[in-house]
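Quick notes on the structure that follows.
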Amino acid sequence: MLADALFLQLGYNAALVALGATALGIAAGAVGAFLYLRKRSLVSDAISHATLPGLALAFIVMVLLGSDGRFLPGLLAGSALSAWLGLWLVSWMSHRTRLAEDAAIGAVLSVFFGFGIVLLTVIQSLPAGRQAGLEGFLLGSTAGMLRSDALTIAAGGLVVLALTYALRRPLLMGAFDPVHARMMGVATRQVDLMLMTLVMAVTVVGLKVVGLILIVALLIIPAVAARFWSDQAERVVLISGALGGLSGYTGAALSATAPDLPTGPIIVLVAFGLFATSLLVAPGRGLLATALRHRQVQQRVHLRQGLLALAHGQPIYEGLTRRILRRQGLTRPDGVATRDGRAAASRALRDENRWQALRRTEHLSELATRDDGLTRIEDVLTSDQIATLDATLAPQKGGA
Amino acid sequence: MGFEFVALSLPPLVIGVLAAMACALPGNFLLLRRQALIGDAISHVVLPGIVVAFLITGLVAAVPMMLGAAAAALAAVVLIEAIRRLGNVEPGAAMGVVFTAMFAGGVLLLEQSDTSGVHLDVEHALYGNLESLIWLDATGWASLTDPQALAALPPELPRMALAFLVVAIVTALFWRPLKLSTFDEGFARSLGLPTGLIGLGIVVMAALAAVAAFDAVGSIIVIAMFICPPAAARLMTNRLEHQVAWSLVFATLSAVLGYVLAGYGPLWIGAATSVSAAGMIATVSGLLLAAACLWAPHRTA
C-alpha cells in the first residue's frame, strides 16, 4: 500500500494531488526561503488565516447566484481577495500606527479568522450549507475530491512553481543585496510586493491540500531546515525547494493510503522530520558537526598546551591533556615523555618561539594576530620568512 | 426574560468576559516586549496537549486536560528556545516551526485515535462552545443567592474566575519588576532583577490564561484577546497603568458586544439561528482595534 502510494499507483486523482502537492511544496520551499532570509516568515501566518472570510463569502455569493457554491476556482479567488486585504492591513498598521509588525500580524490573523468562523456558522444555517465542506479548508482534505478539483490543484501548483522560477532573479537580488538591486532598477518595495504575491499564491493553492492553519508550516519549516545546509543564498533557496517538494510529495502520497490521514498534518510532520534531521546531521551548522568540531578544537588546544608543558619540563595535572598525550603515544603512563613526545614538544616550542619572534618584528607583526594557539606558523609565512625569523632566534635557540 | 437571561446568557457572558480579561492582562506585556505572537503559538500547542492527556487518561476531564495543555505549552516554549539557540534560528521562524509541527501532531493523533462519542474535535478546539455553557438550575435572578443552584453553575465559570484572579494577583504583586523589565531590560538587570525569570513568568502567565480560556471559549478568542485589546489600549495612552486599564475595558466590551451580537444580531435582521459567539467576539475586538487605529489619541509614536 505504501509503495503503491509512493509510486502513484492509487488512482488518477491521488496522482494528480501528489503532483500538485510536490509542485506546491517546491514553490513554497523556495518562496519561504526568501521570506526567511528577509525575516518575515510569520507574515505568511496572517495571510493564510486571512483567507477564511473570503473563502466563506465567495461560497455565500456563489450560492446566492444560484450555483452550489463549491466551485473551487471561485472559492480560491475569494480567499485571495481577503488574503490581500489582510496583508494590506498588516502593512498599514505597522507603518501608520506605532504598533509593531508582530502585533499587526496577530491582530489580523485572529480577527479575520474569527470573522471567518462567524461566516462559517452563517453558511451552516443556509439550506445549501450543510454539505459545504468548507471545514476541509482548515486542515486540508484531499480524500474523495472531484477530478476537476484535483486538476485545479495540480495546475495551481505548477503555475505557482513557474511564477517563482520566473521571478527568481529580482527576489534573490532583493533578499541579499538591496543596494545592488536598487541600482539595477529593482525597488525593494516591488520585490516585497512580488514576494507577498507569491506567498499569497502558495497559500491559496495550498488551502485545499494543506489547509489554512498549517500552510504556513510549508513556508517556514523547509526554509529553516535548508539554512542548516548552506550559507549561500542560491543554495538555500534550492535546498529549501527540494525539502518542500519532498514533504509535499511524501505527505500527499502517505495520506492517500488511509482515509483518516489528513493531508495537511502529514505534510507538515514530514517537513518537521526533515528539519529535525537537518538540525542534527547537516554538515557545517548541524548539531553533530558543531559538537565534533568543538571536540577537535578542544583536543588540539589541550595537545598543544600539553606539548609546551613537556618542552618546558613542567608537570601536567589536567586529566584530558594527559589522556590525549598518552593516547597519541607522546607520553608513557607515568607521564614521562616518549621519544616521539620529546620531538613533538620541541616542534611545538619552536613554533611558539617563532610566533613570539613574529610579534616582535615590525613589518610582519600584523600577521601575528592570526596566532590562535592552533595555527602552525608554516601556514602563515613562507619558508624564506621563517628562515629570517629563525635567524633572530638563533642566539637564544637553546634546547629546541 | 429574567429566567431565560440568567440561565442561558449570563454564564457564557461572564465566562467570556473573564476569559477575555485573563488573556488581555498578560497580553499587554507580551505586546510591549514584541512577543505578541507567543499567544498564537501557545494556543496552537494546547491541542496536542489535551489530546495526549486524553489518550493517557481516557477521560475528558478538566484537570488532566489542563495539565496536558500546560505541559505542551511549556514543552513548546522550551523547544522554541532550544531551536533558536542551538540552530541560531530567528525567533519568529523557530516559533513557526514548533507550533505548526505540534499542532499537526495533535490533529493527527486526534484523527487516528477513537474519539467518537467523546466531545473532542478540532473545531471545538478552535472555536470552543461558549453558547453551550448554560446554567440549567437557574430559575431567575434569585438563583444568584441560592447556594444549591449556584453549585450547578457550569464548572468553566469558577475555573475561569480562578485563572483570572491568579493572573491579576500575580500581575499586581510583581507590578514594578514587570514594568521595569518590560520597558528597560538593561536597567532592570542592573538593579539585580532576574529579567530572564520575569520573561519566563510572563509567558507562564499567558499560558495559564490560554489553557484555562481555551477549554471554555476555544483558541480563536484566546489569540484575539492576547493581542487586540492591548494593541488598541496601547494607542490610547502612554502610561502602562492606563494601558492595562484600557485593555481590560476593551476586552470586556468585546466579550459583551460580541456575545450579544452573535446571539441576538441575526434575530434582529430576521435570520433564524445565531452565529459563533467566539468568532463574533474576535471580530468585535478587531473592530475596536480598527477604531483605535483610526481615531485613538496616541496612534502614532
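The numbers here are math on the coordinates, done by the rules we state, and not lab data. Since we're looking at a predicted model, the values are computed, not measured. Cβ sites come from the backbone with ideal geometry, for glycine too, and all protein chains shown count toward neighbours.
Would you compute, from DSSP H runs of 4+ residues alone, the mean residue ellipticity of chain B at 222 nm, taking -39500 (n - 2.57) per run and dividing by the full residue count, rounded to the nearest 500? Each step should come with its number before you reach the end.
Values: 13 runs with 221 residues, N = 301.
Dividing the helical sum by the residues of chain B leaves -24500 deg cm²/dmol.
Quantify how strongly other chains surround peptide A:260-270 by giving the mean number of their Cβ atoms within 10 Å of each of its Cβ atoms.
Details: counts 5, 3, 7, 0, 5, 12, 4, 1, 9, 6, 1.
Averaged over the peptide's residues, the number is 5.
Need one word for region A:2-282: rounded, prolate or oblate. Basis is the Cα gyration tensor (sqrt eigenvalues a ≥ b ≥ c); a/c below 1.5 gives rounded, then a/b vs b/c decides. Provide the component values of the computation, followed by the final result.
Details: a/c = 1.86, a/b = 1.17, b/c = 1.60.
Cα axes put region A:2-282 in the oblate bin.
Given Cα pairs under 8 Å that are at least 6 residues apart, what percent is the relative contact order of chain A?
Numbers: 597 pairs, mean separation 83.5, N = 400.
Here the relative contact order equals 21 percent.
Grab the beta carbon distance between A:L65 and A:R168, set R0 = 35 Å, and tell me the FRET efficiency rounded to 0.05. If you can, show how the numbers build up before the last one.
Numbers: r = 39 Å, r/R0 = 1.12.
The computed FRET efficiency comes out at 0.35.
Which whole number of Å³ per residue matches the convex hull of the alpha-carbon atoms in region A:235-352? Let's see the in-between values first.
On the way: hull volume 18.0 nm³, N = 118.
So the per-residue hull volume is 153 Å³.
On average, how many beta carbons from a partner chain sit within 10 Å of the beta carbon of a residue in A:32-42? Present the calculation step by step, with values, prior to reporting the outcome.
Working: counts 2, 0, 0, 1, 5, 1, 0, 4, 3, 8, 9.
For this peptide, the per-residue mean of nearby foreign Cβ atoms is 3.
Let me know the shape class of region A:188-227, please: from the alpha-carbon gyration tensor, a ≥ b ≥ c as square roots of the eigenvalues, rounded when a/c is under 1.5, otherwise prolate if a/b is greater than b/c, or oblate. Show your work: numbers first, answer last.
Details: a/c = 3.31, a/b = 1.25, b/c = 2.64.
Oblate is the answer for region A:188-227, as a/c is 1.5 or above yet b/c matches or exceeds a/b.
Where does helix A:339-360 land angle-wise versus the long Cα axis of chain A, in degrees 0 to 90, nearest 10?
In chain A, helix A:339-360 runs at an angle near 80 degrees to the longest axis.
Sort A:194-203, B:7-16, A:358-367 by the packing proxy (mean of other Cβ within 10 Å over each peptide's residues), most packed first. Don't skip to the answer; put the middle values down first.
Details: A:194-203: 24.0, B:7-16: 21.3, A:358-367: 12.4.
The densest-packed peptide leads the list: A:194-203, B:7-16, A:358-367.
Pick out which of B:V166, B:V256, B:V17 has the largest mean-square fluctuation in a Gaussian network model of chain B, springs linking Cα atoms closer than 10 Å.
Among B:V166, B:V256, B:V17, the largest GNM mean-square fluctuation belongs to B:V166.
Between A:D371, A:D102, A:D379, find the one with the highest GNM mean-square fluctuation for chain A; connect C-alpha pairs within less than 10 Å.
A:D379
Compute the Rg/Rh shape ratio of chain B: radius of gyration over Kirkwood radius, all on alpha-carbon atoms.
On the way: Rg = 19.7 Å, Rh = 20.0 Å.
A ratio of 0.98.
If you bin the C-alpha pair distances of region A:162-276 every 5 Å from 0, what whole percents do you get?
Reading upward from the zero bin: 2, 12, 18, 21, 19, 14, 7, 4, 2, 1, 0.
Tabulate in residue order the Karplus-calculated ³J(HN,Hα) for region A:101-111, using 6.51 cos²θ - 1.76 cosθ + 1.60 with θ = phi - 60°, rounded to whole Hz; enter x for Gly and Pro.
Working through the residues one at a time gives 5, 5, 5, 4, 4, x, 5, 5, 5, 6, 6 Hz.
Can you pull the one-decimal nm distance between simple spin-label points at A:R359 and B:T57, each 7 Å off the Cα toward Cβ?
Rounded to a tenth, the inter-label distance reads 6.5 nm.
Enumerate the amide H contacts of A:T331 below 5 Å, restricted to partners 5 or more residues apart or on another chain; note that Pro and chain-start residues carry no placed amide H.
Correct list: A:R326, A:T338.
Work from the charge dipole of region B:30-156 (Cβ charges, +1 for Lys and Arg, -1 for Asp and Glu, about the Cα centre) and give the residue of B:A93, B:V107, B:I38 farthest towards its positive end.
In region B:30-156, that residue is B:A93.
Add +1 for every Lys or Arg and -1 for every Asp or Glu among the other residues with Cβ under 13 Å from the Cβ of B:E185, and state the total.
Details: positive: B:R33, B:R34, B:K179, B:R189; negative: B:D184.
It works out to a net charge of +3.
Could you check the simple spin-label distance between A:D390 and B:F174, using points 7 Å along Cα→Cβ, in nm with one decimal?
6.6 nm
Highest GNM mean-square fluctuation, chain A, Cα pairs closer than 10 Å: which of A:R40, A:R304, A:R70?
Looking only at A:R40, A:R304, A:R70, the largest GNM fluctuation is found for A:R304.
For region B:93-115 and region B:1-64, write down the distance between their C-alpha centroids in whole Å.
Using only Cα atoms, the two centres lie 19 Å from each other.
Mean residue ellipticity at 222 nm from the helices of chain A, using -39,500 (n - 2.57) per DSSP H segment of n ≥ 4 over the full residue count, to the nearest 500 deg cm²/dmol?
Values: 18 runs with 285 residues, N = 400.
Here the helix-only value at 222 nm equals -23500 deg cm²/dmol.
Counting other beta carbons within 10 Å of each residue's own, what order do B:T195, A:T375 fall into, fewest first? Intermediate results must be reported in sequence, preceding the final value.
Numbers: B:T195 20, A:T375 12.
Neighbour counts put them in this order, fewest first: A:T375, B:T195.
Might you report the magnitude of the Cβ-based charge dipole of chain A about its Cα centre, with Lys and Arg at +1 and Asp and Glu at -1, to the nearest 20 debye? Don't skip to the answer; put the middle values down first.
Working: 35 positive and 25 negative charges, 216 e Å.
The calculation lands at about 1040 debye.
When a/c is below 1.5 the answer is rounded, else prolate if a/b is larger than b/c, else oblate, so apply that to region B:207-301 with a ≥ b ≥ c taken from the square roots of the Cα gyration tensor eigenvalues. Each step should come with its number before you reach the end.
Numbers: a/c = 2.87, a/b = 1.47, b/c = 1.95.
Note, shape of region B:207-301 comes out oblate.
Once you have the Cα-Cα distance between A:R347 and A:L367, take 0.36 nm times their residue separation minus that, and quote the gain in nm to one decimal.
Values: separation 20, 0.36 × 20 = 7.20 nm, distance 2.03 nm.
Using 0.36 nm per residue and subtracting the Cα-Cα distance, I get 5.2 nm.
Can you figure out the FRET efficiency of A:S148 with B:L200, using R₀ = 41 Å and their beta-carbon distance, to the nearest 0.05?
Working: r = 51 Å, r/R0 = 1.25.
The calculated FRET efficiency here is 0.20.
If packing is taken as the mean number of other Cβ atoms within 10 Å per residue, what is the order of A:283-292, A:341-350, A:244-253, highest first?
On the way: A:283-292: 13.8, A:341-350: 18.1, A:244-253: 27.3.
In descending order of packing, they fall as A:244-253, A:341-350, A:283-292.
How far is it, in nm, from the label point at A:I316 to the one at B:I134 when both lie 7 Å from their Cα along the line to the Cβ?
So the label points at A:I316 and B:I134 sit 8.2 nm apart.
Quick check for you: which residues of region A:205-243 have the amide N under 16 Å from the point 7 Å beyond the Cα of A:A276 toward its beta carbon?
A:221-222, A:225
Just rank A:Y36, A:Y165, fewest to most, by other beta-carbon atoms within 10 angstrom.
Numbers: A:Y36 27, A:Y165 12.
The order, fewest Cβ neighbours first, is A:Y165, A:Y36.
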